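The values are calculated or read from the model by the stated rules, or taken from the named source; none is laboratory data. This is a predicted model, so every value here is computed, not measured. Cβ sites come from the backbone with ideal geometry, for glycine too, and all protein chains shown count toward neighbours. The area values use the complete protein model at the heavy-atom level, side chains included, leaving out ligands, DNA and RNA. Shrake-Rupley method; radii C 1.70, N 1.55, O 1.52, S 1.80 Å.
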Amino acid sequence: MTDPHPTLRRFLTRQAGPIDPNLVFLIEDIASACRAIGNALRNAAFEGTQGHAGAVNVQGEDQKTLDLIADDIIARSCENSPDLAALVSEEREAAHWLKSPEAGDYLLFYDPLDGSSNIDVNLSVGSIFSVTQVAAEGDTDVLKPGTAQRCAAYALYGPTMMFVLSLGHGVYGFSCEYGTGDFRLTHARMRIPEETGEFAINASRQRFWTAPIRAYVADCLAGEDGPRGRDFNMRWTASMVADVHRILTRGGIFLYPADADNHGAGGKLRLLYEANPMAFLIEQAGGAATLGTGRILDLAPEGHHQRVPVVLGSAQEVARLADYHTP
Ligand code: P6P
């Protein structure tokens with residue numbers, strides 16, 4: 001009888017179809033790093049690793065001690081992965097080349113600890129991963145559009161530690177089994193409901209919003225007596241991984257638009273290791289992911305740490321938001 005909860009390795013080698021063994025090794029190295037990060041988070045209060053690191057990253061953001069620990073864990077766990085040519089991390093300015101690039105080598109982009117402002121208040125945080133490949137020998141151009149991703153994944157350090165993955169053939173969620181520490185399949189072929197009554201946005205930024213975003217949110221808040229003819233709920237966790245996981249699980253729309261405050265920077269969220277992997281996963285689950293109007297995955301990146309607007313979630317709601325931008 002087929003095991004209803006195969007381990008990640010069994011899934012990758014038996015159920016996910018033919019996969020390059022070196023990609024299997026890389027995904028397992030990533031999952032091992034996530035297990036170690038989960039342990040580091042659980043023990044942070046005893047190890048004095050909560051709080052600020054006293055440094056600022058390339059994004060100009062205060063680094064948490066655990067941001068740096070998570071970055072180091074991922075780098076050490078993956079740096080010997082066969083055919084892995086480079087690491088691009090939110091916490092490091094430049095790409096970290098491990099070998100001279102050869103055609104087919106893998107490139108790993110990652111946000112080691114997303115939502116780290118939640119750590120000290122014991123709320124969910126995550127790690128986000130995106131994998132592409134080197135196009136040709138000696139090619140050091142890591143700036144590929146999101147459509148070039150071979151796989152995308154995130155770890156959610158929540159009540160249950162989960163590892164959610166797509167290799168381009170659907171989205172699969174693995175829960176970390178207490179005791180064995182194995183990631184075992186618990187959410188096969190995750191699909192996002194096309195409709196939703198739940199939106200996620202940082203409402204404290206309302207004064208900066210563009211007219212289409214203001215109008216969209218106002219219509220949601222107007223409820224069943226308003227133009228939408230239904231009541232809406234709102235959630236905002238300040239952790240993209242947690243918000244995306246909720247949307248993958250029960251539907252919703254997530255908005256981090258460009259606004260009058262962040263417009264000069266292009267938005268808040270980073271394309272290569274936040275927007276692209278999450279857009280890949282959302283689309284693989286039947287949802288949509290845009291810059292407000294254009295598709296995120298089609299965007300040609302201009303820099304390692306480029307910021308973009310992000311709207312993603314239930315396909316019908318994302319399409320409706322695009323209509324608000326149509327004059
Ligand atoms: P704000 C976390 O810093 C993050 O990059 C995402 O995980 C999250 O969705 C967003 O920024 C939160 O931004 O402005 O609410 O703090």
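When restricted to residues that are open to solvent by less than 30 Å² (accessible area, probe 1.4 Å) and either within 13 Å of the ligand (Cβ to nearest atom) or hydrophobic (A, V, I, L, M, F, W, C) (or both), the range 60-92 contains 16.
Filtering the range 155-181 to residues that are farther than 16 Å from Q284 by Cβ, aromatic (F, W, Y) and open to solvent by 30 Å² or more (accessible area, probe 1.4 Å) leaves only Y178.
Of the set (1) surrounded by fewer than 24 Cβ atoms within 10 Å (Cβ to Cβ); (2) in contact with a strand residue (DSSP E or B) (Cβ under 7 Å, 6 or more places away or on another chain); (3) more than 26 Å from V58 (Cα to Cα), all apply to N118 but (3).
The set of residues from the range 209-248 being of a type in the set (S, T, Y) and within 24 Å of the chain's Cα centre (by Cα) comprises T237, S239. Taken together, A279, A289, A275 contain a single residue that is in a strand (DSSP E or B), touching a Leu at 6+ places or on another chain (Cβ under 6 Å) and crowded, with 18+ Cβ neighbours inside 10 Å, which is A289. Looking across the range 198-239 at every residue that is crowded, with 18+ Cβ neighbours inside 10 Å and farther than 25 Å from T160 by Cβ, the one that is nearest to the ligand (Cβ to nearest atom) is identified as I201. What tally of residues in the range 29-83 results from selecting those that are in contact (Cβ under 8 Å) with a residue 60 or more places away in the chain and on the phi < 0 side of the Ramachandran plot? Residues that pass the stated criteria total 13. Scoring L248 on the criteria (1) more than 30 Å from G173 (Cα to Cα); (2) within 15 Å of the ligand (Cβ to nearest atom) leaves a single failure, condition (1).
Among (1) farther than 18 Å from S32 by Cβ; (2) modelled with pLDDT under 95; (3) loosely packed, with under 14 Cβ neighbours inside 10 Å, which single condition is T140 missing? Unmet for T140, out of (1) farther than 18 Å from S32 by Cβ; (2) modelled with pLDDT under 95; (3) loosely packed, with under 14 Cβ neighbours inside 10 Å: (2).
Taken as a whole, the condition of being within 25 Å of T160 (Cβ to Cβ) and over 19 Å from the mean Cα position of the chain (by Cα) does not apply to A53. Return yes or no: is E194 touching a helix residue (DSSP H, G or I) at 6+ places or on another chain (Cβ under 6 Å) and in contact (Cβ under 8 Å) with a residue 24 or more places away in the chain? Considered against the rule, which asks whether it is touching a helix residue (DSSP H, G or I) at 6+ places or on another chain (Cβ under 6 Å) and in contact (Cβ under 8 Å) with a residue 24 or more places away in the chain, E194 comes out as yes.
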